[in-house]
Amino acid sequence: MAVADRQEVRAEARYVRASARKARLVLEHVRGRTVPEARTVLAFSERAVATDIEKVLKSAVANAEANHGLIGDELVVAAAYADEGPTIKRWRPRARGRVNRIFKRTCHITIRLAEAPEQAKPRRKQAAAKAEQPKPEGGTKTKARSRGKKKEVAA
């Protein structure tokens, strides 16, 4: 299994017709998020490779639910990466009998899902808890007040 006895599930799409560099740009936005958040990010991404990444994410969730009995919406994207696949090489004719190379790059997209850690709370709840704490009374002065007094004393 994984670190701290969390169960991990993975899905992989091989030979995806997109460069690994372009896939990594989208995967950076998905890594570390919960599955519903990741789906939302991918749905609103304008990059074409986001549809391929969304298919891999759906496959990983299906693997978790069918093979391991986990609940898909409670999982977190533990790792998301794109490795380079084989490059298809083509030629384009140019002027005066010359030729240009065209590299049609492929990549292998892998997404690993894990159970959400129990100790991690959503940030919104933490901020609300800090707002509810009582503030200390009277003991702190702002810099503007203390500067004004210094000027009066010096004058």
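Just a few scattered comments:
- Selection of first residues in region 16-32 that are touching a residue at least 12 places away in the same chain (Cβ under 8 Å) and of second residues that are assigned to a loop (DSSP other than H, G, I, E, B) and among the charged types (D, E, K, R), restricted to Cβ pairs under 6 Å at least 6 apart or on distinct chains, gives the following pairs, ordered by first then second residue: 19/105; 26/47.
- Only one entry in 82, 64, 127 is in a helix (DSSP H, G or I) and either modelled with pLDDT of 95 or more or in contact with a strand residue (DSSP E or B) (Cβ under 9 Å, 6 or more places away or on another chain) (or both), namely 64.
- From the options 48, 80, 60, 66, residue that is exposed (fewer than 13 other Cβ atoms within 10 Å of the Cβ) and either under 11 Å from residue 109 (Cα atoms) or in contact with a helix residue (DSSP H, G or I) (Cβ under 9 Å, 6 or more places away or on another chain) (or both): 48
- One residue from 17, 24 being surrounded by fewer than 16 Cβ atoms within 10 Å (Cβ to Cβ) and over 19 Å from residue 114 (Cβ atoms): 17
- Residues of region 100-115 that are touching a strand residue (DSSP E or B) at 6+ places or on another chain (Cβ under 6 Å), in contact (Cβ under 8 Å) with a residue 40 or more places away in the chain and more than 27 Å from residue 71 (Cβ to Cβ): 104, 106, 107, 108.
- From the list 13, 23, 64, the one residue that fits, being more than 15 Å from the chain's Cα centre (by Cα), of a type outside the set (Val, Ile, Thr) and under 19 Å from residue 84 (Cβ atoms), is 13.
- Within the span defined as region 46-53, every residue fails to be touching a Gly at 6+ places or on another chain (Cβ under 9 Å), in a helix (DSSP H, G or I) and not hydrophobic (A, V, I, L, M, F, W, C).
The values are calculated or read from the model by the stated rules, or taken from the named source; none is laboratory data. Quick caveat, the model's predicted, so the values are computed rather than measured. Heads up, the Cβs are rebuilt from the backbone with ideal geometry, glycines too, and the neighbour counts pull from every protein chain shown.
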